[in-house]
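Report on the following structure.
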Amino acid sequence: MKILISDAFDASLPERLKPYGEVTQDKNELPNADIVLVRSATKCTKEWMDKAKQLKLIIRGGVGMDNVDEAYAKQKGIIAINTPEASSIAVAELAMSLMLAIPNKIIIGHQGMAAGKWLKKECERTELYKKTLGLIGIGRIAREVAIRAKAFGMRVIAYDPYVKTSDVAELKPTLDELFQEADYISLHVPSTPETKGIINKTNIAKMKKGVIIVNTGRAQCVVEEDVAEALKFGHIAGYATDVWYEDPPKASPLLTAPNTVMTPHIGASSYENLGRISDIIVEKVKEFVAKK
Ligand code: NAD
């Protein structure tokens, strides 16, 4: 059994997988690999799968299967699975960091200090306490965000048409109601035809003036041009994002927009989370090999 580790994982993974097969990190071994482990960088397209003549199992370390052509894998009899349960805490902590960075003017203050400027006036802050956080999607990650936001004294509301009850958020029947009430909006939905571009010009106009938006979900949920425009005119007071149309972004209008906080898609990249992803992968490989 040849196991190809195609992307960056926890350093302990190659050694831990040795009992289950020959482990390689050489991408030229794709045609001989039975199992391939990917995160986001490797794109498991039709062409890629056609080169992988022996491939039986793809494991994507992370939430979502955006970089795996699942339909084609199914057609070819390749099992494609992921590790959705691992990353919730890592992403939730990043969402909270981004949500705190904007009202606390962390970036402005830091850049000022580094440039020898004492920007005390420019760094007037506001608090999360007693503000309303609107979560779009109330799945695993949003749940962890809700728990943390409540610890800061926020009121938490959520819109998720696929969830009937929640013990951590007050569910809103429509997105419009969430837009009308939220001081902060945090996105936690996958990219689907339904969620594509939901943060657009029309919906931004329904939001409170001065709303702050945090996106650790998917870039495709946002029309970047519309957000950049609303940032310029102040309808959106701040936009923090970890996710991009492409990694890294080449021509995003957000790169030069005011009042942004940007990170290079690091939601799942905590040291602890990479360890959790490895634990799950080792278990899945073990199960797969045992069935052979
Ligand atoms: P999850 O499946 O537990 O939750 C997603 C929720 O979205 C579900 O409750 C679902 O019902 C809801 N949903 C689907 N369509 C919706 C719609 N049209 N409107 C409102 N809600 C809708 O997933 P999760 O583990 O919480 O992850 C959420 C998202 O976070 C992932 O889909 C992924 O896009 C993103 N993510 C980003 C990073 C990162 O590195 N920044 C890492 C992991 C996950």
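Within the range 179-191, residues that are closer than 14 Å to Ile102 by Cβ sit with their Cβ atoms under 8 Å from residues that are part of a loop (DSSP other than H, G, I, E, B) and within 14 Å of the ligand (Cβ to nearest atom), at 6+ positions apart or across chains, in these pairs: Ser186/Thr216. Thr195 meets the conditions (1) polar (S, T, N, Q); (2) under 17 Å from Glu224 (Cα atoms); (3) surrounded by fewer than 16 Cβ atoms within 10 Å (Cβ to Cβ) in every case but one. The failed one is (3). Condition (residue is under 28 Å from Met65 (Cα atoms), open to solvent by less than 20 Å² (accessible area, probe 1.4 Å), of a type in the set (A, V, I, L, M) and within 13 Å of the ligand (Cβ to nearest atom)) applied to the range 255-275: is it met by at least one residue? The answer is no; no qualifying residue exists. When Glu194 is tested against the conditions (1) out of contact with any helix residue (DSSP H, G or I) (no Cβ under 8 Å at 6 or more places or on another chain); (2) within 13 Å of the ligand (Cβ to nearest atom); (3) over 20 Å from Tyr159 (Cβ atoms), the lone failure is (3).
The residues in the range 40-63 that are buried (at least 16 other Cβ atoms within 10 Å of the Cβ) and either at pLDDT below 95 or assigned to a helix (DSSP H, G or I) (or both) can be counted, and the count is 5. Based on this model, can you work out whether Gly217 counts as part of a loop (DSSP other than H, G, I, E, B), within 10 Å of the ligand (Cβ to nearest atom) and under 25 Å from Pro258 (Cβ atoms)? It is true that Gly217 is part of a loop (DSSP other than H, G, I, E, B), within 10 Å of the ligand (Cβ to nearest atom) and under 25 Å from Pro258 (Cβ atoms).
Collect the residues in the range 166-181 that are within 12 Å of the ligand (Cβ to nearest atom), in a loop (DSSP other than H, G, I, E, B) and open to solvent by 50 Å² or more (accessible area, probe 1.4 Å), keeping them in residue-number order. Answer for the range 166-181, where residues must be within 12 Å of the ligand (Cβ to nearest atom), in a loop (DSSP other than H, G, I, E, B) and open to solvent by 50 Å² or more (accessible area, probe 1.4 Å): Pro173, Thr174.
Taken together, the residues in the range 52-111 that are over 17 Å from the mean Cα position of the chain (by Cα) and either of a type in the set (Asp, Glu) or not assigned by TED's automatic domain parsing to the domain that holds Ala219 (or both) amount to 21.
Residues in the range 182-189: is at least one open to solvent by 70 Å² or more (accessible area, probe 1.4 Å) and assigned by TED's automatic domain parsing to the domain that holds Ala92? Taking every residue of the range 182-189 in turn, none turns out to be open to solvent by 70 Å² or more (accessible area, probe 1.4 Å) and assigned by TED's automatic domain parsing to the domain that holds Ala92. For the residues Arg155, Arg143, the requirement of being under 21 Å from Lys209 (Cβ atoms), charged (D, E, K, R) and open to solvent by 60 Å² or more (accessible area, probe 1.4 Å) singles out Arg155.
The values are calculated or read from the model by the stated rules, or taken from the named source; none is laboratory data. Remember, predicted model here, so these are calculated numbers, not experimental data. When we count neighbours, we look across all protein chains shown, and the Cβ atoms used for this are built from the backbone with ideal geometry, even at glycine. Each accessible area value is taken on the protein alone, full model and side chains, heavy atoms only, with ligands, DNA and RNA left out. Shrake-Rupley method; radii C 1.70, N 1.55, O 1.52, S 1.80 Å.
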